[in-house]
Amino acid sequence: AIALVSAHEDSWGGWGWWPAPEPEPESGKSGKGKGSSGKSGKGESESEPEPWGGAWDGGDVWNGGWEGDGWGWAAPEPEEGKSGKGSGKSGKGEEEESDDAGWGWGHTSWGGWGAWPESEPEGKSGKGSKGSGKSGKGEGEEGGHWVFVPAWPTDDGWSAPESEGKSGKGSSGKSGKGSSGKSGKGEEPEPWAAPADETTTYIISFKDKGQSPAKRCEALAKSNRGTVKYVYEHVLNGCALSVPVGDAPAACNAFKNHPTVSMVEEDQLMSLDDPIEEHMLDYTHRMLQVQVPSWGLDRINQCARPLDNVVTKQDASDVTVFIIDTGIYAAHDEFAGVISLDDCHASFAGGDALNDDNGHGTHVAGTACGANYGVSENCKLCAVKVLDRIGTGSNAGIISGVDYVTGKCKALGGLCVANMSLGGGTNSMINAAVNAAVSAGVVMVVAAGNDNQDACSSSPASEPSAITVGSTMNTDTDARSSFSNWGSCVDVYAPGSDITSSWISSPDATNTISGTSMASPHVAGIAAAIRSANPSWNPTQVRDAIVNSAALLSSGINLAVVDDIDCQPGPVAKADKGSSLRNRHV
């Protein structure tokens with residue numbers, strides 16, 4: 001039978017086969033001899049183990065076991081033996097290879113895994129008197145003989161086979177100077193440590209720009225046994241540092257108390273705002289028929305319904321639109337002549353930025369600047385991949401994407417829009433990075449989120465400098481989508497339910513999905529056209545133009561429309577983002 005054993009200490013061997021059973025010893029004659037197992041002896045080996053702990057997991061694998069340097073397994077009570085001087089314990093000594101013992105290694109002389117002996121040899125000899133004969137001081141040489149004890153699911157325990165013991169002298173007794181013993185007193189084992197590849201990442205922002213963040217981060221990493229994962233040259237003035245899990249608490253305190261550090265946060269995961277399939281939506285309003293490629297394109301070019309089945313393409317010449325997402329399937333027909341030939345594509349989530357194995361980024365890019373499904377034309381699309389194939393990515397990686405866009409936008413001349421159809425809980429580092437990008441001249445358009453809650457409770461939706469977009473449905477009242485986040489942190493709404501755009505299964509594939517992720521790129525396309533028409537405007541001016549020309553609906557929602565129409569003629573007072581006056585809705 002095979003039994004699998006595992007432990008957490010680093011003071012024991014790795015793998016080994018249990019020795020084959022020894023031949024049954026003959027009955028004792030006279031003299032001293034080696035016997036079979038008795039109860040545990042006080043060996044000269046390693047530290048005394050802690051009490052038995054652990055349990056079966058329902059299969060052949062033991063989870064848990066002794067703690068300590070070396071495992072000592074209690075032998076079952078041997079049958080009445082003769083006499084003699086028994087040996088054998090998990091003793092001192094090095095593992096020796098032999099035909100019987102197989103192989104193994106470790107601090108003590110046994111392996112971690114192996115086959116149990118087929119049968120239990122009868123314990124014969126042992127020098128001892130009658131009585132319990134608990135533990136002897138035998139100098140056992142063959143370590144590695146473990147005992148299969150009754151705590152396992154068998155009727156009887158297994159004792160380790162011992163070398164043949166011939167005669168013995170003395171009257172019969174229960175145990176001799178015994179076999180498989182408790183590990184004796186020895187050096188304390190090293191405490192358990194996590195595998196070397198397990199790390200915790202911290203995002204760090206520095207107070208001033210007196211020294212490059214790269215140099216400061218290298219110094220912090222060196223003094224805290226860490227490694228630099230990302231350096232943020234353009235946003236945060238900081239970096240992401242990874243440290244071993246065991247060092248994380250001390251390193252975090254060191255970072256927080258460092259005189260040059262202004263902010264420290266542990267890295268977390270963020271995800272795309274999952275697209276919602278049509279059958280998942282609970283519509284309470286009548287959906288309207290669509291004859292254009294996507295109804296959202298028809299809705300944003302007029303102030304009021306009914307829709308007229310006309311699409312008005314917007315000109316976004318000379319503007320670079322960054323899609324911070326899962327990548328873009330560049331081979332799709334929608335992007336012929338649209339994917340930027342500049343060196344502006346980057347991945348912070350593995351793989352090629354121009355290969356989208358999720359679909360989300362491709363759909364978003366198609367809505368912003370696609371040939372058929374896009375709001376604007378003549379854009380230059382750039383893929384910045386920060387989310388993996390299942391739509392998740394670290395905050396540290398996403399900030400790296402924003403940092404990259406900020407630096408690349410400046411290099412490309414400064415006419416840039418970035419779309420972030422992703423989100424998570426409120427995070428000050430994410431918001432600070434987005435704010436820094438806006439301050440550097442990038443128009444940042446972000447999804448409000450799909451949790452039907454206040455958008456001020458998520459990031460980057462809660463960042464005041466970004467244009468935060470909620471979702472509406474294709475109904476005669478332009479009702480807010482049931483999933484869409486809402487509240488004072490939402491700047492405008494746009495079509496987000498049942499939006500058709502490009503997909504990844506083939507060069508002409510499409511998909512119809514829903515989410516604030518689908519609403520956001522409508523506004524990114526509008527922003528790109530405004531940026532093109534007004535190259536001297538800063539991001540705040542672009543945002544104000546979108547908000548102040550939006551269609552005010554009876555529900556209190558303001559619906560984004562294209563730049564060449566104005567649904568709010570005359571000056572409109574604009575409340576600050578976060579004010580209770582913004583986007584009242586029912």
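Among the criteria (1) over 27 Å from Gln453 (Cβ atoms); (2) open to solvent by 10 Å² or more (accessible area, probe 1.4 Å); (3) in contact with a Cys (Cβ under 9 Å, 6 or more places away or on another chain); (4) not charged (D, E, K, R), the one Ser488 does not fulfil is (1).
Taking the conditions (1) over 16 Å from Glu198 (Cβ atoms); (2) open to solvent by 20 Å² or more (accessible area, probe 1.4 Å); (3) modelled with pLDDT of 95 or more in turn, Pro249 satisfies each one other than (1).
Yes or no, residue by residue, for (1) within 29 Å of the chain's Cα centre (by Cα); (2) within 20 Å of Asp498 (Cα to Cα); (3) β-branched (Val, Ile, Thr):
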| position | (1), (2), (3) |
| --- | --- |
| His332 | no, no, no |
| Ile339 | no, no, yes |
| Ala346 | yes, no, no |
| Asn355 | yes, no, no |
| Val364 | yes, yes, yes |
| Val375 | no, yes, yes |
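The condition of being more than 27 Å from Asp357 (Cβ to Cβ), out of contact with any strand residue (DSSP E or B) (no Cβ under 6 Å at 6 or more places or on another chain) and without any contact (Cβ under 8 Å) to a residue 24 or more places away in the chain does not hold for Ala440.
Reported count of residues in the stretch 353-370, each being open to solvent by 10 Å² or more (accessible area, probe 1.4 Å) and either free of Cβ contacts under 8 Å to residues at least 60 places away in the same chain or among the charged types (D, E, K, R) (or both), is 3. Of the residues Tyr404, Tyr373, the single one that is in a loop (DSSP other than H, G, I, E, B) and open to solvent by 10 Å² or more (accessible area, probe 1.4 Å) is Tyr373. Summed over the stretch 327-343, residues that are assigned to a loop (DSSP other than H, G, I, E, B) and more than 16 Å from Asn378 (Cβ to Cβ) total 7.
For the stretch 499-558, the set of residues classified as β-branched (Val, Ile, Thr) and either modelled with pLDDT under 95 or under 21 Å from Ser488 (Cβ atoms) (or both) consists of Thr516, Val523, Thr540, Val542, Ile546, Val547, Ile557, listed by residue number. Val443 meets the stated requirement of being farther than 14 Å from Thr516 by Cβ, open to solvent by less than 10 Å² (accessible area, probe 1.4 Å), modelled with pLDDT of 95 or more and not in a loop (DSSP other than H, G, I, E, B).
Criterion first (out of contact with any strand residue (DSSP E or B) (no Cβ under 7 Å at 6 or more places or on another chain), of a type outside the set (D, E, K, R) and over 29 Å from Ala440 (Cα atoms)) does Ile499 satisfy it?
On the way: out of contact with any strand residue (DSSP E or B) (no Cβ under 7 Å at 6 or more places or on another chain): no; of a type outside the set (D, E, K, R): yes; over 29 Å from Ala440 (Cα atoms): yes.
Against the criterion (out of contact with any strand residue (DSSP E or B) (no Cβ under 7 Å at 6 or more places or on another chain), of a type outside the set (D, E, K, R) and over 29 Å from Ala440 (Cα atoms)), Ile499 does not qualify.
Report, by residue number, each residue of the stretch 376-401 that is assigned to a loop (DSSP other than H, G, I, E, B), at negative phi and out of contact with any Phe, Trp or Tyr (no Cβ under 6 Å at 6 or more places or on another chain). Listed by number, the residues that qualify are Cys379, Leu387, Asp388, Arg389, Ile390. Restricting the stretch 253-284 to residues that are of a type outside the set (Asp, Glu), under 23 Å from the mean Cα position of the chain (by Cα) and open to solvent by less than 20 Å² (accessible area, probe 1.4 Å) leaves a set whose member that is modelled with the lowest pLDDT is Leu272.
Name the single residue that is most open to solvent (accessible area, probe 1.4 Å) among those in the stretch 201-244 being part of a helix (DSSP H, G or I) and farther than 19 Å from Gly397 by Cβ.
Restricting to residues being part of a helix (DSSP H, G or I) and farther than 19 Å from Gly397 by Cβ, the top hit is Lys222.
Taking the conditions exactly as written (farther than 30 Å from Thr426 by Cα, open to solvent by 10 Å² or more (accessible area, probe 1.4 Å) and among the acidic types (Asp, Glu)), does Asp333 satisfy them or not?
yes
The values are calculated or read from the model by the stated rules, or taken from the named source; none is laboratory data. None of these values were measured; they are calculated from a predicted model. In this analysis, Cβ positions are derived from the backbone assuming ideal geometry, glycine residues included, and neighbour counts consider all displayed protein chains. Accessible surface areas use protein heavy atoms only, side chains included; no ligands, DNA or RNA. Shrake-Rupley method; radii C 1.70, N 1.55, O 1.52, S 1.80 Å.
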